[in-house]
């Protein structure tokens with residue numbers, strides 16, 4: 001066997017059923033790592049040697065070139081194209097990951113982001129030479145404020161969790177300014193929250209106090225009141241919540257929070273359900289991050305880059321971090337110097353995710369106010385259509401009632417079948433679908449959270465629902481045994497995650513025999 | 001609307017299947033008085049052509065780096081990106097996939113992250129690298145938090161050569177978390193005595209090389225001093241191409257290495273998205289922030305990759321997590337990996353040599369210009385120029401002459417009394433004509 005687990009002897013494997021000599025299966029390659037076939041003396045970039053010059057490196061020149069293999073362009077293109085074919089993607093199929101909002105990524109937005117006037121400008125070139133970029137940031141801000149009904153926006157956070165951090169820092173700064181830093185050290189977080197919420201609060205020194213949800217999956221104003229006190233700085237509430245439900249008592253919760261002298265942080269991960277329908281500012285929110293990569297469709301890119309601008313109420317606006325935009329003459333200027341402002345600090349170098357602003361703004365312009373509202377309505381309609389199409393076979397933890405943009409099932413319908421939510425999810429892979437979000441939110445046992453988004457046609461939803469029903473019926477008829485070992489048709493079978501964690505192999509090394517060869 | 005597939009008839013049929021009379025029945029949980037009755041006061045939908053026209057007009061109001069002699073650096077660098085890089089990262093399977101939570105159908109992403117981690121570890125000569133951070137500055141703040149966890153101390157000492165935005169980003173997190181941060185004043189000539197500042201309470205020392213003024217710093221003595229006091233050395237770089245020519249931080253004793261990876265594979269983008277590189281020693285891996293891809297096997301015995309050591313992370317640990325980070329900078333990491341793979345170690349060394357040579361040529365030309373002075377004793381592809389007046393004014397004057405001359409230090413450190421300093425970068429994109437244009441524009445601007 002060689003490093004890729006491939007036979008080295010002709011004829012050794014070819015006769016075994018379903019095995020190929022190369023390890024490939026038709027279009028699907030068995031692709032080695034670049035370290036296994038690249039050569040250190042090869043480069044795919046032609047660079048002309050400079051003429052003679054006197055180096056100015058002091059005594060800090062390195063010895064020899066870095067130990068990294070190179071590939072020529074044809075080799076590199078083939079390698080990465082082959083890798084790409086082992087990935088599922090929105091472009092290739094329905095991607096019903098609840099809470100993640102895998103909607104279509106318009107290619108126009110990619111084209112716009114690559115205009116040299118946006119892609120090829122430096123964050124520190126004179127502002128006088130980047131007026132268009134500043135105008136775009138200003139217009140994007142205007143749209144975000146208009147859609148949310150808030151007073152100010154901090155554009156710079158680089159992802160949703162980074163936006164949470166920014167919003168909670170603004171809250172902390174406001175509390176410090178009130179002289180209550182010692183007193184208000186607690187942040188209320190419902191059990192159903194994203195893990196980032198408690199992690200963010202803890203990162204900047206808050207204690208987390210859990211708030212239980214009611215039997216219907218909603219947070220009660222009464223429960224919030226019971227948890228509030230002079231020690232509470234803020235509540236972090238996701239709305240619509242992670243169960244796909246709109247928090248009905250949100251206005252009363254906001255009032256209670258404000259009465260207690262605390263702030264209302266809204267996790268805007270699910271803002272895409274309510275754009276054009278209601279405004280967080282009208283609901284009493286003080287800070288909310290907006291995942292541009294969810295609601296406004298900048299590509300997820302296999303796990304980033306995202307963008308997480310934070311909108312702020314008048315109570316927090318002054319504490320927004322630098323840099324921010326200020327009206328100046330008939331244009332805007334970037335304020336980068338903290339002195340003479342109340343800004344709590346800086347979230348990152350430069351001005352945030354400009355490449356994502358461009359994409360999100362192109363998305364907004366394309367949709368317009370009418371299209372954005374229609375997108376929210378279609379997202380909610382599609383989720384409810386799935387609910388209506390599956391409700392007789394699948395179980396809903398909080399009963400059969402309308403949901404927002406995502407529908408939540410639990411695993412009670414799998415009781416006594418010997419199969420788990422994970423088995424079901426893996427069986428869905430064999431049917432050509434990316435699984436839904438599973439085991440989240442944590443408060444629901446064996447959760448299956450399905451978010452179809454507005455990008456799916458009725459025909460696509462119908463086929464998905466028929467597939468879900470077929471799998472469920474197979475289980476109910478006792479034919480679910482193969483699901484234990486699913487997926488069967490994916491590039492890999494289930495992977496040994498325990499081994500990965502217990503004996504971490506986090507980079508390729510030449511001497512260690514590969515795991516496949518052991 | 002071109003992105004919304006449902007027809008009106010289909011919408012009606014679907015509402016009927018759901019069993020509601022109208023769409024607003026599905027929004028019934030929103031308090032009635034809070035439901036918007038009118039559309040937001042914003043323009044209506046636009047065709048693709050109209051959007052292109054509007055966006056194109058905005059883009060046209062910016063001066064693109066590729067269109068003029070261009071010398072801006074200070075943490076973001078204009079390099080040539082091979083055409084194949086941008087082509088591959090736009091493949092649907094990379095562009096429109098999610099964080100690889102279902103590894104059976106995400107091996108493409110997981111394998112390139114594993115390659116990325118290996119490349120970063122080798123480039124920095126460290127044991128292990130993560131699957132990337134948002135950017136260099138946020139990585140720097142995370143590195144300091146990590147050092148506090150490792151050492152159980154809460155005081156960081158920050159070099160005056162660290163990029164001021166990195167200092168501010170790190171200070172913001174430190175202040176909010178209630179940790180101590182001692183930042184030495186901006187150190188243009190790399191003459192500070194940071195070793196004297198290290199004591200038994202020091203958790204970590206943060207030093208950038210090449211520093212923000214372009215000076216190369218020898219980390220070895222600082223590493224030794226850190227070790228003697230039980231502190232960690234965090235090495236920072238903002239120009240990844242420098243590692244093709246200068247001694248890597250791992251070879252000088254760094255415990256954590258943080259870098260901005262934008263230079264390799266990623267466009268300037270007015271500051272983001274970029275990609276943070278983060279590497280450390282094996283013994284600290286469980287205190288590391290961010291995502292990690294690891295090798296394992298599948299049920300058929302085939303090699304495969306998964307996200308691993310996730311018990312450090314927020315979705316498992318919640319308030320006890322090592323960081324609140326939920327994503328990496330996946331697509332930018334892919335761009336880095338492809339470009340790095342095309343270069344290889346040999347190509348990177350050649351590229352770095354051209355960068356250095358170009359900077360030396362400009363420094364030599366400037367040595368012949370009266371009233372300006374290159375401050376640095378050593379540099380890679382960027383140096384600091386002392387000018388007779390305010391560098392910011394000079395930059396505006398040179399911009400008016402069609403040259404983007406660099407970054408005035410006052411832009412980064414506005415109240416430091418360093419208004420006469422200009423940070424000037426040269427990369428492989430700069431030609432002899434560009435450098436001649438720089439000198440001419442400088443002399444013209446100084447003459448008036």
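Suppose the filter is free of Cβ contacts under 8 Å to residues at least 60 places away in the same chain and surrounded by 21 or more Cβ atoms within 10 Å (Cβ to Cβ); does residue A:274 pass it?
When the stated conditions are applied, residue A:274 does not pass them.
How many of the residues in region B:29-51 are more than 7 Å from chain A (Cβ to nearest Cβ) and either surrounded by 14 or more Cβ atoms within 10 Å (Cβ to Cβ) or touching a strand residue (DSSP E or B) at 6+ places or on another chain (Cβ under 7 Å) (or both)?
The qualifying residues number 0.
Any residue that is facing another protein chain (nearest Cβ under 9 Å), in contact (Cβ under 8 Å) with a residue 60 or more places away in the chain and under 23 Å from residue A:357 (Cβ atoms) - is there at least one of those in region A:314-335?
yes
Given the criterion more than 30 Å from residue B:213 (Cα to Cα) and assigned by TED's automatic domain parsing to the domain that holds residue B:260, identify the matching residue among B:7, B:96, B:37.
Answer to the check: B:96.
Output the residue which, of all residues in region B:133-176 that are facing chain A (nearest Cβ under 8 Å) and under 28 Å from residue A:509 (Cα atoms), is surrounded by the most Cβ atoms within 10 Å (Cβ to Cβ).
Per the stated criteria, the residue is B:135.
Quick one: in region B:387-422, which of the residues that are touching a strand residue (DSSP E or B) at 6+ places or on another chain (Cβ under 6 Å) and at the interface with chain A (Cβ under 9 Å from one of its Cβ atoms) is nearest to residue B:359 (Cα to Cα)?
Looking at the filtered set, the residue picked out is B:406.
Of all residues in region B:59-80, count the ones that are more than 8 Å from chain A (Cβ to nearest Cβ), farther than 20 Å from residue B:261 by Cα and buried (at least 21 other Cβ atoms within 10 Å of the Cβ).
1
Sort through A:449, A:442 and tell me the only one that's out of contact with any strand residue (DSSP E or B) (no Cβ under 9 Å at 6 or more places or on another chain), within 20 Å of residue B:315 (Cα to Cα) and within 14 Å of chain B (Cβ to nearest Cβ).
A:442
Among the residues of region A:445-463, count how many are more than 21 Å from the chain's Cα centre (by Cα) and surrounded by 23 or more Cβ atoms within 10 Å (Cβ to Cβ).
The total comes to 1.
So that you can scan it fast, the table gives a plain yes or no per residue for (1) crowded, with 24+ Cβ neighbours inside 10 Å; (2) more than 10 Å from chain A (Cβ to nearest Cβ):
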| site | (1), (2) |
| --- | --- |
| B:230 | no, yes |
| B:234 | yes, yes |
| B:291 | yes, no |
| B:299 | no, no |
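If you check residue B:126 against the conditions, is it buried (at least 24 other Cβ atoms within 10 Å of the Cβ), more than 12 Å from residue B:288 (Cα to Cα) and touching a strand residue (DSSP E or B) at 6+ places or on another chain (Cβ under 6 Å)?
Against the criterion (buried (at least 24 other Cβ atoms within 10 Å of the Cβ), more than 12 Å from residue B:288 (Cα to Cα) and touching a strand residue (DSSP E or B) at 6+ places or on another chain (Cβ under 6 Å)), residue B:126 qualifies.
Mind listing whichever residues of region B:254-289 are more than 10 Å from chain A (Cβ to nearest Cβ), part of a loop (DSSP other than H, G, I, E, B) and either touching a strand residue (DSSP E or B) at 6+ places or on another chain (Cβ under 7 Å) or on the phi > 0 side of the Ramachandran plot (or both)?
B:254, B:255, B:261, B:265
Kindly indicate the residue of region B:310-322 that is outside any helix (DSSP H, G or I) and touching a helix residue (DSSP H, G or I) at 6+ places or on another chain (Cβ under 6 Å) and also surrounded by the most Cβ atoms within 10 Å (Cβ to Cβ) among those meeting that condition.
My answer is B:321.
Would you be able to tell me the number of residues in region B:101-119 that are touching a helix residue (DSSP H, G or I) at 6+ places or on another chain (Cβ under 9 Å) and more than 7 Å from chain A (Cβ to nearest Cβ)?
Here the count works out to 3.
Out of all the residues in region A:177-190, is one or more part of a helix (DSSP H, G or I) and within 10 Å of another protein chain (Cβ to nearest Cβ)?
Checked region A:177-190: no residue is part of a helix (DSSP H, G or I) and within 10 Å of another protein chain (Cβ to nearest Cβ).
Can you tell me which residues in region A:191-225 are closer than 18 Å to residue A:256 by Cβ, without any contact (Cβ under 8 Å) to a residue 12 or more places away in the chain and not in a loop (DSSP other than H, G, I, E, B)?
The answer is A:222, and nothing else.
I'd like to verify a number: residues in region A:343-395 that are assigned to a helix (DSSP H, G or I) and under 29 Å from residue B:26 (Cβ atoms), how many?
Number satisfying all stated conditions: 32.
Report yes if some residue within region A:406-424 is touching a helix residue (DSSP H, G or I) at 6+ places or on another chain (Cβ under 6 Å) and assigned to a helix (DSSP H, G or I); otherwise report no.
For region A:406-424, residues touching a helix residue (DSSP H, G or I) at 6+ places or on another chain (Cβ under 6 Å) and assigned to a helix (DSSP H, G or I): present.
For region B:236-253, how many residues meet the condition of being part of a loop (DSSP other than H, G, I, E, B) and either within 10 Å of chain A (Cβ to nearest Cβ) or without any contact (Cβ under 8 Å) to a residue 40 or more places away in the chain (or both)?
Result for region B:236-253: 5.
Here is a list: A:147, A:134. Which entry is buried (at least 20 other Cβ atoms within 10 Å of the Cβ) and either in the same structural domain as residue A:455 (by TED's automatic domain parsing) or in contact with a strand residue (DSSP E or B) (Cβ under 6 Å, 6 or more places away or on another chain) (or both)?
Being buried (at least 20 other Cβ atoms within 10 Å of the Cβ) and either in the same structural domain as residue A:455 (by TED's automatic domain parsing) or in contact with a strand residue (DSSP E or B) (Cβ under 6 Å, 6 or more places away or on another chain) (or both) holds for just one of A:147, A:134, which is A:134.
The values are calculated or read from the model by the stated rules, or taken from the named source; none is laboratory data. Keep in mind that this is a model prediction, so the values were computed, not measured. Glycine gets a Cβ as well: all are built from the backbone with ideal geometry, and neighbour counts include every protein chain shown.
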